[in-house]
Amino acid sequence: MIKLEDFLKVYDVKKAKELEHTDPQFLALQNCRNNIKNKDENLFLFLVIQCSIVSYQIAWSGELRRTEFWKKVEKDRNILQNMWKANKNNSDWRLDFLKNSKNNKRIYNIKKSRLDKLNNILKTEKNFLKYGNNLEELNQLLAKTMNTAIYSKTIVFAIKMFGYAYTIISWNDINYPMSINIPVDSRLKKIYFLNTNILPTKTQTLEVSNYFWNLSKNFNIPPLDLDTILRLDYRKHIQQ
C-alpha cells in the first residue's frame, strides 16, 4: 500500500479542484442546477445545506441519495420556489421526501428534527450568496444554529457541498479555508489507521481530524480539498 504522504506529493490545490469536478456529488448538483428553470441562487444554496445536514445513516451510497434528492428538487422546483418567496417552511415537503426516499428514510423523525432546527436560520438569513467569500462565517453560523461544534461531520460536510454549489453558480472554483476541518467518518478513520497503525475510537475524532489537518498544512492543501483526494483517488489505491 502506498503511504498517504507519498501519494500526496503529486497533488496540489489545482489538481484537487480538477478532481472535484468529477465527483458524483458535484455532477448531481450540476445536473440539477442545469435542469432548473427560474433559478434562485439562494434557494439552491439553502437546499444544498439542507440536504447535507441529514447526510448520515444512509441506506445506500451518498451519491445515490443525493441524485434521488436532486431529481425530486427538479420535479418540485415550482413548489419550492413558491414556498421560498412566501417565506413558508418546507419541513412538510422534506418530511414527505424522507419518508418515501429509497436511500435516506432511516430515522427520518430525527432527521426531520434536524431540518426544523436548521430552518430557524431563515428567520434572520436568506442571503447565502454572500458566504461564498466567507466560508468560516458560514461554518460558525451553521454550528450555532444546529447547536454543535464547528468541526462536526455534517457541518463541515455542508460547507464542502455549499462550496460545490457556489462553484457551479459562479463558474469559479471556491477557495476552502485551511481552518475548516475535514469531515471525519468511518472511511477516513480507516485511512488514518492504515497510515498510523493507531486504532481510532469514537473519542478520537479530533485526533483523526488533527492528523489530516497536519497533512493539509504540510502539503498546502485545505482539508476539504484533501477530503476529495482521499475519497475519489487514494481510497482506490488502498482497496487494491
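Taken together, the values in this text are just the output of simple stated rules run on the coordinates, not laboratory data. Computed from a prediction, not measured in an experiment: that's the story for all the values here. Please note: Cβ atoms are built from the backbone with ideal geometry, for glycine as well, and neighbour counts cover all protein chains shown.
Report the trypsin sites (Lys or Arg not before Pro) located in the stretch 78-152 that are in a DSSP loop and have at most 10 other Cβ atoms inside 10 Å of their Cβ, or state none.
Lys102
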Spin-label model distance (nm) - Ala86 vs Asn218, 7 Å beyond Cα toward Cβ: 5.6
Loop-located chymotrypsin sites (Phe, Trp or Tyr not before Pro) in the stretch 83-183 whose Cβ has at most 12 other Cβ within 10 Å (DSSP): Trp171
In Hz, Karplus ³J(HN,Hα) per residue of the stretch 150-155 (6.51, -1.76, 1.60; θ = phi - 60°; x = Gly, Pro): 5, 9, 4, 4, 5, 5
Integer Hz, Karplus 6.51/-1.76/1.60 couplings in order for the stretch 185-194, x for Gly and Pro: 9, 4, 5, 6, 5, 5, 4, 4, 5, 5
Folded to 0 to 90 degrees: helix 91-100 orientation relative to the chain principal axis, Cα: 60
Dipole-positive endmost among Val54, Leu129, Thr154 within the chain (Cβ charges, Cα centre): Val54
Dipole magnitude of the chain about its Cα centre (Cβ charges: Lys, Arg +1; Asp, Glu -1), debye to nearest 20: 860
In degrees, nearest ten, helix 24-35 long axis to first principal axis of the chain (Cα): 30
Cα long-axis angle, helix 205-219 against the chain (0 to 90 degrees, to the nearest 10): 70
Rg/Rh ratio calculated on Cα atoms of the stretch 24-170 (Kirkwood radius): 0.91
